[in-house]
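Read the structure below first, then the notes.
The values are calculated or read from the model by the stated rules, or taken from the named source; none is laboratory data. Because the structure is predicted, anything quoted here is derived from the model rather than measured. Every residue, glycine as well, gets a Cβ built from its backbone with ideal geometry; the counts of neighbours run over all protein chains shown.
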Amino acid sequence: MSKEKQEEPVIKGESMSFIEQFIVDDLQNGKNEGKIVTRFPPEPNGYLHIGHAKAVCLSFGMAKKYGGKCNLRFDDTNPEKEDVEYVDSIKEDIKWLGFDWEDREYYASDYFGRLYNFAVDLIKIGLAYVDDQPAEVISEQKGLPSRPGVESEYRKRTIDENLGLFERMNKGEFEEGSRVLRARIDMSSPNMHMRDPIIYRILKTPHHRTGDKWNAYPMYDFAHGQSDYFEGVTHSLCTLEFEVHRPLYDWFIDQLKTGDYRPRQIEFNRLNLNYTVMSKRKLLELVQEGRVSGWDDPRMPTLCGLRRRGYTPESIRKFVDLIGYTKVEAINDVSLLEHAVRDDLNMRAPRVFGVLNPVRVIITNYPEGKTENVEVINNPEDESMGKRTVPFSREVYIEQEDFMETPVPKFFRLAPGMEVRLKGAYIIKCESFRKNEKTGIIEEIYCTYDPETRSGANQSEKKVKGTLHWVSAAHAVEAEVRLYDRLFNHEDPAGQKDHDYREFLNPGSLQVVKGCKVEPSLKSAKHLEKFQFQRLGYFCVDPDTKSDHLVFNRTVQLKDTWTKLNR
RNA sequence: UGCUCCGUAGUGUAAUUGGCAACACGUCUGACUCUGGAUCAGAAGAGUUCAGGUUCGAGCCCUGACGGAGCAACCA
């Protein structure tokens, strides 16, 4: 049996990103024996966010599309920042997104031995040396981007001395910060990264996987390319800020490689979203300072946050696909992300009735105590989702917003003397209402219904402009609904000079509405199950839901031209 | 004032080896509708940062400006 369909390797006429073009060219030229291997290399120091999703989709996506493999590799070279807690969440999030690294779960720390030996080799050929100077001095000597650096006095240490010192660094004989190993390249290079970069430093914090086995740890630049090489990675895809690291990446590969094969680093633009922050540091602060409820707060751009908010993996993949991969540093509009979920959920979310701000409607000519089960379609976009019945009775709740004592022009809803259809049931006419004169709140609305207008078989000729969602008062289930707005009220909260991003936190980003009334079928809804509350938006069941307490998160509103026009 | 990268409608992306700028989202019309959603039809909106050059012809090539980003962590 064939597994999933392999897409055609060469697509004519379809536009592909410059990265895909590179891959296709390499494949056609028979480079690396016509194989493609990519990798997704997170550092386990935080939760994955939607920016990572873009990288995941690229590396796993390209491998899948062209019959290659994508490795999951944890870039765990800094024990001070990393933790297993993050490893597990990262794996969960990648799986949720729909990608599979099979048995290729690797760790940079698995290569510490080989990396160490490579460093020793570099020392032996005079391309690395131990520097005893303090950090400030080394930094000072590096010069400025516009000024060349100066060479360290330790640059001409003998090979034997370097060998001995490096070994002792790793044995733990020296204090943190007292010595580093540096590659001996060019202190006057216009590229700062080539000015004798530090490749090993002493760290005494136990590593989450190797414990206290090592005391000298490789830096990113000394681990990444080499790890790619060890794994046979052909295309090492990363974000634009690593562009200036590429010469160093290649320099190490040059020293390391023995045959024709070499990994190639290609950089693409990172994903930026407006009205949010994306840096791990800031996200961590939001969590630690209690400004959100956790990494999975539905307002967070983390994958676990988006998942809890009700986003589907499909919608995130679609969004990523929509924004593409280029070298332009773009700021993407959240509304495009919202479009992507709406588009996805429109096809798959069953429609239900839920009233957020209920007001009671009494149908005075409907028999007291009577209940009818009306039939409604679960999803007009997908007939196979079938129908369900909803109880209808003399008293129903409708949305407060759907009634106006004195309607404005083009208000197609309920108002004294006006008729509307209760979706799936009858057309009702507002005869009167009761208002609390003190508060101005409408407390009850009195209507009559037309028995001839019941939805279904013998369709009545009568047409009305408005159709409302409703819930039978006697059968309604109480629910709490959490409405979310953007976390920040500034497009680019992190990019404002002289302003801390926290100043732009949107105080109204979470609105909890209690006492909502939803149709009885929702009583059995499961965690994260998604629905469209008709006319309102897409909602999913929050994990805080208990058997006696239903909680929904609003994923996104439906497009609403009415409120837009009347704002 | 060093090096690297980038500069196409409001936003994000396209434009085969140079051949008179396309798509999506958004916006605005209209149709339809038992969701003011969806769907369908249509419209407006850039002459490709600017100035030169090469060419019969340039968003694509060259030069120079201008604008933006990244690089000066014993982070990744």
Q | Of all residues making up segment A:458-495, the number that are more than 8 Å from RNA strand B (Cβ to nearest atom) and of a type in the set (Gly, Ala, Ser) | A | 6
**Q.** Residues being of a type in the set (Ser, Thr, Tyr), surrounded by fewer than 21 Cβ atoms within 10 Å (Cβ to Cβ) and either modelled with pLDDT under 95 or in a helix (DSSP H, G or I) (or both) - total across segment A:310-343
**A.** 1
Q. Restricting attention to segment A:551-567, and to residues there that are in a strand (DSSP E or B) and of a type outside the set (A, V, I, L, M), which single residue is farthest from RNA strand B (Cβ to nearest atom)?
A. A:Asn553
Q.
Go through (1) within 16 Å of RNA strand B (Cβ to nearest atom); (2) at pLDDT 95 or above; (3) closer than 30 Å to A:Gln511 by Cβ for A:Gly290 and report which single condition fails.
A. (1)
Q) Only one residue in A:Tyr426, A:Tyr449 is more than 47 Å from the chain's Cα centre (by Cα), modelled with pLDDT of 95 or more and crowded, with 19+ Cβ neighbours inside 10 Å. Which one? A) A:Tyr449
Q) Using beta carbons and a limit of 8 Å, which pairs, at least six apart or on different chains, have the first residue in segment A:78-96 and modelled with pLDDT of 95 or more and surrounded by fewer than 15 Cβ atoms within 10 Å (Cβ to Cβ) and the second one of a type in the set (Val, Ile, Thr) and not in a helix (DSSP H, G or I)? A) A:Glu80/A:Thr205
Q.
Conditions first: (1) more than 13 Å from RNA strand B (Cβ to nearest atom); (2) among the small types (Gly, Ala, Ser); (3) within 26 Å of A:Ser59 (Cβ to Cβ). A:Gly164 passes all but one, so which condition is the exception?
A. (3)
Q: Might you let me know whether segment A:317-324 holds any residue that is acidic (Asp, Glu), touching a helix residue (DSSP H, G or I) at 6+ places or on another chain (Cβ under 8 Å) and within 12 Å of RNA strand B (Cβ to nearest atom)?
A: yes
Q: Please indicate, with yes or no, whether at least one residue in segment A:381-403 is near RNA strand B (Cβ under 8 Å from one of its atoms) and of a type in the set (Gly, Ala, Ser).
A: no
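Conditions tested, residue by residue: (1) hydroxyl-bearing (Ser, Thr, Tyr); (2) within 16 Å of RNA strand B (Cβ to nearest atom); (3) within 22 Å of the chain's Cα centre (by Cα).
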position	(1), (2), (3)
A:Asn71	no, yes, yes
A:Phe74	no, yes, yes
A:Pro79	no, yes, no
A:Glu92	no, no, yes
A:Trp96	no, no, yes
A:Tyr107	yes, yes, no
Q | Top-ranked residue in segment A:419-457 [being charged (D, E, K, R) and touching a Cys at 6+ places or on another chain (Cβ under 9 Å); ranked as farthest from RNA strand B (Cβ to nearest atom)] | A | A:Glu431
Q: Go through segment A:181-222 residue by residue and tally those that are closer than 22 Å to A:Ser152 by Cα and either part of a strand (DSSP E or B) or among the basic types (Lys, Arg) (or both).
A: 13
**Q.** Qualifying positions in segment A:325-344 - more than 6 Å from RNA strand B (Cβ to nearest atom), touching a residue at least 40 places away in the same chain (Cβ under 8 Å) and under 25 Å from A:His490 (Cβ atoms)
**A.** A:Val334, A:Leu337, A:Glu338, A:Val341, A:Arg342
(Q) Give me the strands (runs of 3 or more DSSP E) completely within segment A:344-425, filtered to those with at least 2 residues that are among the hydrophobic types (A, V, I, L, M, F, W, C) and out of contact with any Lys or Arg (no Cβ under 8 Å at 6 or more places or on another chain), ordered by residue number. (A) A:358-363, A:387-393
Q: Could you tell me whether segment A:258-272 includes any residue that is farther than 27 Å from A:Asn489 by Cβ and of a type in the set (S, T, N, Q)?
A: yes
Q: With the condition kept exactly as written, say whether any residue in segment A:540-548 is at pLDDT 95 or above, within 16 Å of RNA strand B (Cβ to nearest atom) and of a type in the set (S, T, N, Q).
A: no
Q. Just one of A:Val376, A:Val396, A:Val408 is among the aliphatic types (A, V, I, L, M) and modelled with pLDDT under 95; which is it?
A. A:Val408
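Residues are listed down the side, and each one gets a yes or a no for (1) surrounded by fewer than 14 Cβ atoms within 10 Å (Cβ to Cβ); (2) at pLDDT 95 or above; (3) touching a helix residue (DSSP H, G or I) at 6+ places or on another chain (Cβ under 7 Å):
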{"site": "A:Glu151", "(1), (2), (3)": "no, yes, no"}
{"site": "A:Arg157", "(1), (2), (3)": "no, yes, no"}
{"site": "A:Asp160", "(1), (2), (3)": "yes, yes, no"}
{"site": "A:Met169", "(1), (2), (3)": "no, yes, no"}
{"site": "A:Phe174", "(1), (2), (3)": "no, yes, yes"}
{"site": "A:Ser188", "(1), (2), (3)": "yes, yes, no"}
{"site": "A:Ile198", "(1), (2), (3)": "no, yes, no"}
{"site": "A:Ile202", "(1), (2), (3)": "no, yes, yes"}
{"site": "A:His207", "(1), (2), (3)": "no, yes, yes"}
